[in-house]
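J.: Here it is: the structure, laid out below.
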Amino acid sequence: MRAHTQIRRRMALAALAVAAAATLAACGFHRRIAQPLNYERIALSGFADRSTMADEIRRALPSTAHIAANVLESQVVIEAIEDTQKTTVEASTAFGQVRELELHCKLRYRVLDPNGTELLPLADIERFRDMTYDEKDALAKDTEQKALYRDMQSDMAYQLIRVLAAVGKPAGPAAQAQAARAASAAVAPAAPSSGISAVEWAASQAAGH
């Protein structure tokens, strides 16, 4: 009898786990897994000294990458144009007591190479979150608000790293910019003695040959 009870309990727990996974998937939840990058040295530019967004980007990097000391030592640059957090009152009582807040995080950025060439134009990543509020629990609500902002920025950081992974792919914007520079450089040097065309030479330079 006891064995049957344990089996039923395990089956119920398994069903709950499947239902929870399905619910999370329907809500757009994704596991935060560090994306592999073609870059090892990444510079952060335009962020405030104590930017929590910059902190989350550091945490989201895979183990093969790190933040470079400066732009000149980097392979790619994430430049922050706008890095903000905004809290708005969404609902209050007739006596002016706040009951609901909306939290808003925004990062406007672009991706450059160390020479300042734009690999990815201006783009925005934003998150919104609602939270209840009660002046009686002001301290606890302040802690909750900071935790929610940090969670939102963590999610944004992983999205940014996914974008950065796409930028660095062989057919991504970084490769296209490199090919364009190689094509421009092909005009300056004398024609190679092998007899290949300037276009073929530029393509070989972009491929690293």
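J.: Nearest 0.05, what FRET efficiency do K86 and A138 give at R0 = 22 Å with Cβ-Cβ as r? Write down the numbers at each step before the final one.
T.: Working: r = 19 Å, r/R0 = 0.88.
Calculated value: 0.70.
J.: In whole percent, and with a 1.4 Å probe on the protein chains, what portion of the accessible area of segment 111-163 is carbon and sulfur?
T.: Values: 1490 of 2910 Å².
C and S atoms contribute 51 percent here.
J.: Still on this model: Taking a temperature of 37 °C and a viscosity of 0.692 mPa s, what whole-number D in µm²/s does Stokes-Einstein yield for segment 110-160 with Rh from Kirkwood over alpha carbon pairs?
T.: 242
J.: Taking the simple approach of a point 7 Å from Cα along Cα-to-Cβ for both D55 and V98, what is their distance in nm?
T.: Taking the simple label geometry, D55 and V98 are separated by 2.0 nm.
J.: Name the trypsin sites (Lys or Arg not before Pro) in segment 45-139 that are in a loop by DSSP and that have at most 10 other C-beta atoms within 10 Å, would you?
T.: Details: sites: R50, R58, R59, K86, R99, K106, R108, R110, R127, R129, K136; in loops: R50.
Those satisfying the criteria are R50.
J.: Could I ask something else about it? Accessible area per residue of segment 35-110 at 1.4 Å probe, in Å²? Please report the intermediate quantities before stating the final value.
T.: Working: 4310 Å² over 76 residues.
In whole numbers, segment 35-110 has 57 Å² accessible per residue.
The values are calculated or read from the model by the stated rules, or taken from the named source; none is laboratory data. Here the structure is a predicted model, which means the values were calculated and not measured. Here Cβ is always computed from backbone atoms with ideal geometry, including for glycine, and neighbour counts include all displayed protein chains. Remember, those area values only see protein heavy atoms, side chains included, never the ligands or the DNA or RNA. Shrake-Rupley method; radii C 1.70, N 1.55, O 1.52, S 1.80 Å.
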